[in-house]
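Quick notes on the structure that follows.
Where a number appears in this text, it was derived from the coordinates with a stated rule and is not lab data. All values derive from a computational prediction rather than experimental measurement.
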Amino acid sequence: MFPVYGSFVLFSLYLLSKYFNKDILSTLLSIYFTFLGQLCLINVLETHFTPTSLQHIKHKYLINKNIKFPFIHIVKFEVTQLRIITFLISIIPSAFYFVSKNYLLNNLFGIIFSITGIE
């Protein structure tokens, strides 16, 4: 099904670029990829920080919610101290990428997307 989904996404992007203002579309895509890059960066940072390397941070759950969406399985939403720290760390490169579109950060997010996809 991947080729079908990929074809649908590419055709949708073609239609969006043809019928919508390119500046607004560019801004929306920048926000989207910055947000996804930050989520992937949080995921990669969490997997590489082990509780032994961060002894002073207790890995306990602050918020634990089960959210039900229609047609989607239950999403377990957990906020830990480690996740808050990795979120704060990931804000810096995400904000800098959104403002500057630096090619090094673009490559960093590409590598992080790849790592997350392989995991």
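List of remarks:
- Each residue of the stretch 38-46 was assigned a 3J(HN,Hα) from its phi angle through the Karplus curve 6.51 cos²θ - 1.76 cosθ + 1.60 (θ = phi - 60°); the sequence is 5, 5, 5, 5, 4, 4, 5, 5, 5 Hz, with glycine and proline shown as x.
- Using the Karplus relation 6.51 cos²θ - 1.76 cosθ + 1.60 with θ = phi - 60°, the per-residue 3J(HN,Hα) values for the stretch 91-99 come to 5, 4, x, 5, 5, 5, 5, 4, 7 Hz, with x marking Gly and Pro.
- The alpha carbon gyration tensor of the stretch 75-119 gives principal lengths a ≥ b ≥ c with a/c of 1.5 or higher and a/b no greater than b/c, which makes the shape oblate.
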